[in-house]
Amino acid sequence: MEIYYLTIKEAIGGLKKKSFSALELTKACLQRIKLIDKKLFAFLTIDESRAIEKAKEADRLIRKSTEAFRTKPLLGIPIGLKDLFTTKDLRTTAGAKIIKDYIPPFDATVVRKLKEAGAIILGKTNEDAWGHGSSGENSDYGPTRNPYNLDRVPGGSSSGSGAALASGECLMATGTDTGSSVRLPAAFCNLVGLKPTYGRVSRYGIIAMASSFDTIGHITRTVYDNALALEVTAGNDPYDATSSSIPVLNYASFLEKKIKSLKIGFPKEYLVEGIDKSVEENFYDTIKIFEKLGAKLKKVSLPHTEYAMACYYILVPSEVSSNLARFDGIRYGGERNLFGAEAKRRIMLGTYTLSAGYYDAYYLKAAKVRRLIKQDFERAFAEVDVMIAPSSPSIPFKIGEKIDNPLQMYLSDVFMCPVNVAGVPALNIPSGFIEGLPVGIQIIGPHFKEELLYQVGSAFEQETKFYQIKPEI
Amino acid sequence: MNKPKSYIGLEVHVELMTKSKMFCQCSANYFAKEPNSQVCPVCLGLPGALPVPNKKAVEWTVLIGKALNCKINNVSKFDRKHYFYPDLPKGYQISQYDEPIANNGWLKVKSQKSKVKSSNNETMKQSNNEKLFRIRRVHLEEDTGKLLHVGQETLVDFNRSGVPLVEIVTEPDFDNADDVKFFLEELHVIIRYLGVSNADMEKGSMRIEPNISVVSSQLSVVSKKSKTEKLKTEIRLPNYKVEVKNINSFRFVKQAIEYEVERQIELLGKGKTPLQETRGFDEKKGVTYSQRSKEEAHDYRYFPEPDIPPMTFAKKYIASINIPELPQQKLKRYIKDFKIKESDAFTLTRELGMTKSFEEIMMHPEIRKLEITAQEVVNLLLNKFRNQLSTDKTAEKLIEEIAAVKKLKVDIANSFNEAELNNSITLIIKKNIVAVNDYKKGKLNAVMFLVGAVMRELKGKADPIIVKKKLIEKLSI
């Protein structure tokens, strides 16, 4: 197998054994990008010279001592960063034309942590502008394509991160998840994607979409890789007042734990009309696998699910309209007419719902509903350890299929948005293929119980090994 | 016809002198710094930057709230206030909307006017010319950047962006500009006593926005019984209010209010209702002018600031924030403990620096040896040493100087010929008939002119206090 398809665990093994160097690994990814990214459009910016320089630095450290991996757990691993991640001296566009030339003077906390952990930043990945979207088609620069079928969307909004990792352009990629944006591209690209608990990973330096929903996650090939990366990115940040000081665990150590007699719930409200028959079948197959692994499966109820999307699409645009107010073209960036259609739509929606006379009926009401949805999850977790649900109601759809119908597009996230409303963590893991296209399930856990997600995800992954299936491009 | 009645409320902004800004670690001391030299991603509102509240600023807001007899709320939060202006880099100001840190307070102010006017607030206690004005709320927010107009261009300096700003809002309890001035002066002194701001109007670290409305006829007063069976009166306020901005001294506040009241009375006299609007103040012409009407008023689209979790204050925390002795308490103590004149005690307690010098001197063991009264010390502090107090003179140094003055007085008293003094006084009385007549007609200040003339005659070799005493004796014959 090509080295650009290695998992992080395998790559670190190879680097330690000197089977290849960090420079070779980095060059392999850069070469891969040159070869196939014209078809995919996963990257918006490539930082080739700095990546090569950093790879050489990593090799020097590895040559000195393989102990270097103790303090730098991602040493020499080439990664892609979603373009919402602010990077010092490296263009950051948020997938939006209005700041097409913006070069930030500082690193996001997570970017700093990844750099300190030795990761090699290859560049910035394409995305729906500002994170607004489920398909990648809302990028102001053009859509990213799904490596498993170039006519299909890779899922969004972290579309470039999903496509880049699935196609071997990097070994890990970051994402943000406000409503589905890490999990959906992971599901559509046969990858493991984490939406951490709100507050688990610092938001400092991540261009805000909806501040009380935004979570900073990452996409990897395996559950182990994902756990390893969370150990790097998680933790309290004095620059983010909403980041939690709950201790960061050694997440990878939970992977060997069995899931026998673990209670796994599945919300009955998610298995109703609107879900593709094939996706539903895939989900029931998944349940059978968990049962085979010894878990106790149980139907649970999240009674306010039907209000979740309405709640989400009032609160999120409200915050979006506020967060995008700073892009006024005065200090940096272009004029506001450069905002794309989706951004304009959300600015208008949010401005309306916050306006005098409408605030109580919309924002305030939705904030109350949000508390009820949170309670739904709390009550469910009193009965079960984790919940599972299909990640998407459909298989990866065709480019252009939903772009003219925003409401249809919003419904791609119907199983994921409630998780963000509640603020709990969720992990997408591959659950197989339908018509040659990847589908995934999400494991949803109680607040700050990411280790449980990894434990359950790993058991399923070991049983199924879907991650070994690579796309043909 | 009934006399028109004014309703005046105040919004006072006070910039805190914390080391760092409200939500970032930049220096909050922006005065006279090179433009845009005290900035970072947070106070520039760069994408991705997040605010982290300054604990000291929160603590000082609690302190101000306590000093103004407010209720300190156990839970308080920040909100976003949206409007578009080039000096506001995020497109919103982080402020507080419905859950301020402190509310429902009051401040008693001694009116220095001999005539006590009737007041709006019926529950107000009046004694000794003291009036009580209610404080509606005290909240914390961030300051904006500053616009500089240079020729055809407008430049923005963000050094001030994010400096902590406390907003103090009163009820519309004032009915005249003099009371407003006394209130503001008292508030100014309190803020300086608390050591949280230099409250310098000229530098803009204290800003006043009065809101004014007038009713021309007798108010309809609705009386109703409250739960406690006490009679409560409810005053129906006018249905409009005019806010005046851009005022940078107490004197101009007074002028602006007086002008605005006149203007509104005139309109009401013509049967018109003044417009609800924001007006600016032109200090050169002494007039207010329309800036923004009600129709153009902002919809600020407030909502809870999602980047900052709500603050909860434990009772213990609130109790741990101690208010220092405030000017009014000090004044009472000085009169009681040192037996000094009330007017001198008032002047002394206006400036914390002077009270510090005074207390240090009075506590010093050396001062007892001088056999000098507290009143004499105060006289010297207020007259002779006043300008030196800001130059950090130690108590020892001041006592030395007091001793020197005292010794000089003793020397003068010893060496001085009583007859020479009497002769001079007689001479001066003869020479200054106008001043003498003024004095006899009741212009008591005229005596100071005569004291000066005697002192000049004696080439300063006399104690002015003795001269004054002797003069008054002679004049009252």
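All of the numbers you see were taken from the coordinates with simple rules; none came from a lab. This is a predicted model, so every value here is computed, not measured. Here the Cβ positions follow ideal geometry from the backbone for every residue, glycine too, while neighbour counts run over all protein chains shown.
A few notes on this one:
- Neighbour-count order for A:Val272, A:Val316, fewest beta carbons within 10 angstrom listed first: A:Val272, A:Val316
- Anisotropy class of segment B:1-98 from Cα gyration tensor, a/c 1.5 cut: prolate
- When all alpha carbon pairs of chain A are counted in 20 Å bins from zero, the resulting P(r) reads 27, 61, 12, 0 %.
- Charged side chains reduced to their Cβ positions (Lys and Arg at +1, Asp and Glu at -1) give the protein assembly as shown a dipole of some 2960 debye around its Cα centre.
- Over segment B:261-378: Rg over Rh, Cα atoms, Kirkwood Rh: 1.25
- The spacing between segment A:7-65 and segment A:369-389, judged by their C-alpha centroids, is 41 Å.
- Segment B:319-394 and segment B:141-179: distance between their alpha carbon centers, rounded to Å: 34
- Test item: Cα-centred dipole of chain A, Lys/Arg +1 and Asp/Glu -1 on Cβ, debye: 940
- Peptides A:446-459, B:3-16, ordered by how many other C-beta atoms sit within 10 Å of their residues on average, highest first, read A:446-459, B:3-16.
- Between B:Gln375 and A:Lys258, the simple spin-label model (points 7 angstrom out along Cα→Cβ) gives 9.6 nm.
- Taking θ as phi - 60° and the Karplus parameters 6.51, -1.76 and 1.60, the scalar couplings of segment A:16-23 work out to 5, 7, 6, 5, 8, 9, 4, 5 Hz in sequence order, x denoting glycine and proline.
- Rounded D (µm²/s) - the protein assembly as shown, Kirkwood Rh over Cα pairs, Stokes-Einstein at 20 °C, 1.002 mPa s: 66
- Annotation: amide H-H contacts under 5 Å for B:Ser20 (H modelled 1.01 Å from N, sequence separation of 5 or more, or interchain): B:Ala28.
- Which listed pairs, of B:Lys3/B:Lys270; A:Lys38/A:Lys470; B:Lys71/B:Lys336; A:Lys56/A:Lys88; A:Lys195/B:Lys55, have C-alpha distances above 26 Å, in listed order: B:Lys71/B:Lys336; A:Lys195/B:Lys55
- Working note: Karplus 6.51/-1.76/1.60 with θ = phi - 60° gives segment B:307-320 the couplings 7, 10, x, x, 9, 10, 10, 6, 3, 4, 5, 4, 5, 6 Hz, where Gly and Pro are set to x.
- Ranking B:Gln255, B:Ser293, B:Pro172 by how far each Cα lies toward the positive end of the dipole of segment B:5-320 (charges on Cβ) leaves B:Pro172 at the top.
- When DSSP beta bridges are restricted to pairs lying wholly in segment A:1-149, around 50% turn out antiparallel.
- Selection from A:Gly76, A:Leu30, A:Ser65, by position along the positive dipole direction of segment A:29-128 (Cβ): A:Ser65
- Think of the protein assembly as shown as a dipole: +1 on every Lys or Arg Cβ, -1 on every Asp or Glu Cβ, centred on the Cα centre; then among B:Asn73, B:His139, B:Ile8, B:Ile8 lies furthest on the positive end.
- Only helices enter the 222 nm calculation for the protein assembly as shown: every DSSP H run of n ≥ 4 contributes -39,500 (n - 2.57), and dividing by all residues gives -11000 deg cm²/dmol, rounded to 500.
- Alpha carbon convex hull of segment B:327-475, volume per residue in cubic angstrom: 125
- Qualifying trypsin sites (Lys or Arg not before Pro) in segment B:263-310, where qualification requires a DSSP coil assignment and no more than 12 other C-beta atoms within 10 Å, comprise B:Lys270, B:Lys272, B:Lys284, B:Lys285.
- Sites matching trypsin sites (Lys or Arg not before Pro) across segment A:212-318 that sit in DSSP coil, with at most 13 neighbouring C-beta atoms within 10 Å: A:Lys258, A:Lys260
- Considering all different alpha carbon pairs of segment A:1-144, the Kirkwood hydrodynamic radius works out to 15.7 Å.
- Annotation: amide H of A:Phe397 within the under-5 Å range of A:Val153, sequence separation 5 or more or interchain, hydrogens built in the peptide plane.
- This model, with +1 at the C-beta of Lys and Arg and -1 at the C-beta of Asp and Glu, gives segment B:327-475 a dipole about its Cα centre of some 580 debye.
- Taking 0.36 nm per residue of separation and subtracting the current Cα-Cα distance, fully stretching the chain between B:Tyr83 and B:Ile321 would add 82.2 nm.
- Each residue of segment A:138-153 is assigned a 3J(HN,Hα), and the resulting list reads 8, 5, 6, 9, x, x, 8, 10, 7, x, 7, 6, 5, 8, 10, 7 Hz, derived from the Karplus form 6.51 cos²θ - 1.76 cosθ + 1.60 (θ = phi - 60°), x at Gly and Pro.
- Under 18 Å from a label point set 7 Å out along the Cα-to-Cβ vector of A:Ser49, the amide N atoms of segment A:83-106 belong to A:88-92, A:103-104.
- For segment A:93-248, the convex hull spanned by the alpha carbon atoms encloses 103 Å³ per residue.
- In segment A:43-135, trypsin sites (Lys or Arg not before Pro) in a DSSP loop with at most 16 other beta-carbon atoms within 10 Å: A:Lys88, A:Lys100
- Shape class for segment B:126-205, computed from the alpha carbon gyration tensor (a ≥ b ≥ c): prolate, with a/c not under 1.5 and a/b above b/c.
- Among B:Ile340, B:Ile257, the ranking by other beta carbons within 10 Å of each residue's beta carbon, starting with the fewest, stands as B:Ile340, B:Ile257.
- Acute angle (nearest 10 degrees) that the helix B:446-457 long axis makes with the longest principal axis of chain B, alpha-carbon atoms: 50
- Rg/Rh for chain B, where both radii come from Cα atoms and Rh is the Kirkwood radius: 1.04
- Straight-distance candidates among the lysines for linking to A:Lys260, with alpha-carbon spacing under 17 Å and chain neighbours fewer than 8 residues away dropped: A:Lys288, A:Lys292, A:Lys296, A:Lys298.
- Taking only the Cα atoms of segment A:239-378, the ratio Rg/Rh comes out at 1.10, with Rh defined as the Kirkwood radius.
- Helix B:177-194 and the long axis of chain B differ in direction by around 90°, with both axes built from C-alpha atoms.
- The order of A:Thr109, A:Thr174, going from fewest to most other C-beta atoms within 10 Å of their C-beta, is A:Thr109, A:Thr174.
- Pairwise centroid distance, computed over Cα atoms, of segment A:182-234 with segment B:11-43, Å: 35
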